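What follows is a set of notes on a single structure, which appears directly below.
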Amino acid sequence: MSDKMIESKPKEIVRLFEIINQFGSTCSLEFQVEGQADPLMGMVDEKIVPELYEGDGNGAAIVLELGSTTFSFEIEKHKFSKNITESQFIMCIVGKGYAVWFNSGVIPAEGVLMANQ
């Protein structure tokens, strides 16, 4: 899966989460800590609400509300990547010592088309 990942910008990642929301799909998460074979945490089929906080370079962050849990990723401290398939979005946010994988539920063709524009 990782060989299909394409580096992405934070705004594009937020846009993909917004498309997931727009089409009523859900999102799953795997939080992997460097050096561990099994995920530290996993969540399945939760609604996701993205927010992009843009600053003057300091404090800019992506905040994701997944179910009842909120995650914040400072833009300057993370790398972002994506894979858009025929029916699903996969996003990865990598920080120092960890990676967080997000997989959407089924996305209709219209949503995939929007994501690829």
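Worth a mention:
- Paramagnetic label zone (point 7 Å from Cα along Cα-to-C-beta, Gln36; backbone N under 18 Å) in segment 74-103: 93-102
- Cα centre as origin, Lys/Arg/Asp/Glu Cβ charges: the chain dipole, Debye: 160 debye
- With all protein chains modelled, accessible area of Ser8 [1.4 Å, Å²]: 10 Å²
- Set Lys11/Lys96; Lys47/Lys77; Lys9/Lys47; Lys4/Lys79; Lys47/Lys96 screened for pairs whose C-alpha atoms are more than 19 Å apart: Lys11/Lys96; Lys47/Lys77; Lys9/Lys47; Lys47/Lys96
- Shape call, the chain: gyration tensor on alpha carbons, a/c limit 1.5: rounded
- Ordered by solvent-accessible area of protein heavy atoms (1.4 Å probe), largest first, the residues Leu113, Leu64 come out as Leu113, Leu64.
- When all protein chains stay in place and ligands, DNA and RNA are ignored, the 1.4 Å accessible-area order of Met43, Met91, largest first, is Met43, Met91.
- Of the trypsin sites (Lys or Arg not before Pro) found in segment 19-117, those in coil by DSSP whose Cβ has at most 16 other Cβ atoms within 10 Å are Lys47, Lys96.
- Efficiency of FRET from Cβ geometry, Glu110 and Glu12, R₀ 25 Å, rounded to 0.05: 0.90
The values are calculated or read from the model by the stated rules, or taken from the named source; none is laboratory data. Keep in mind that what you see is a predicted model, and the values were worked out from it rather than measured. Don't worry about glycine lacking a Cβ; one is built from the backbone with ideal geometry, like all the others, and counts go over all protein chains shown. What goes into the accessible areas is simple: the full protein's heavy atoms, side chains included, and nothing from ligands, DNA or RNA. Shrake-Rupley method; radii C 1.70, N 1.55, O 1.52, S 1.80 Å.
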